[in-house]
Amino acid sequence: MNAALGMAADARQPPIGTVIHSDHRSQYTSWTFSKRVHSFNLIASLGTVGDAYDNALGGELLGRMQTELLNTRKWKTRVELSTAMFNWIEAFCNKTRRHSSLDMLSPIAYEKLRANRISAACLLK
């Protein structure tokens, strides 16, 4: 999780104070993960213990990945599979796939739009 957080922060350059939400699994509550979150000036948010909503979005993502990618063919090696999974998430889900919860924008387009709105609001102050 530390490596994934680092990759996401490097790729997205989140503004200081961005909230990162996770559940209470040990990798998210560990000292090293907490230090990594703070090193990027992010704010950690943990759901309540046993909250079903914590895993709902992750479960939905994994379900879509299963039907749209994993079940489409046989994978020869773990490297081939992990590369395909990375590309599916980074190139398709984050940059291309539109989400109804994000006004039918991709996550990247939504983040850019929000960043522009925040910048404009700061200029008006």
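The values are calculated or read from the model by the stated rules, or taken from the named source; none is laboratory data. Being a predicted model, the structure only gives us computed values, none of them experimental. Every residue, glycine as well, gets a Cβ built from its backbone with ideal geometry; the counts of neighbours run over all protein chains shown.
Tabulated values for the structure
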| read-out | value |
| --- | --- |
| Number of the condition not met by residue 1 [criteria: (1) at pLDDT 75 or above; (2) surrounded by 10 or more Cβ atoms within 10 Å (Cβ to Cβ)] | (1) |
| Residue within region 97-105 that is without any contact (Cβ under 8 Å) to a residue 60 or more places away in the chain, hydroxyl-bearing (Ser, Thr, Tyr), loosely packed, with under 12 Cβ neighbours inside 10 Å and part of a helix (DSSP H, G or I) present | yes |
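Condition check ((1) at pLDDT below 90; (2) under 25 Å from residue 105 (Cβ atoms); (3) among the acidic types (Asp, Glu); (4) in contact with a helix residue (DSSP H, G or I) (Cβ under 8 Å, 6 or more places away or on another chain)) across all residues:
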| site | (1), (2), (3), (4) |
| --- | --- |
| 7 | yes, yes, no, no |
| 20 | yes, yes, no, yes |
| 30 | yes, no, no, no |
| 44 | yes, no, no, yes |
| 56 | yes, yes, no, no |
| 72 | no, no, no, no |
| 77 | no, no, no, no |
| 80 | no, no, yes, no |
| 93 | yes, yes, no, yes |
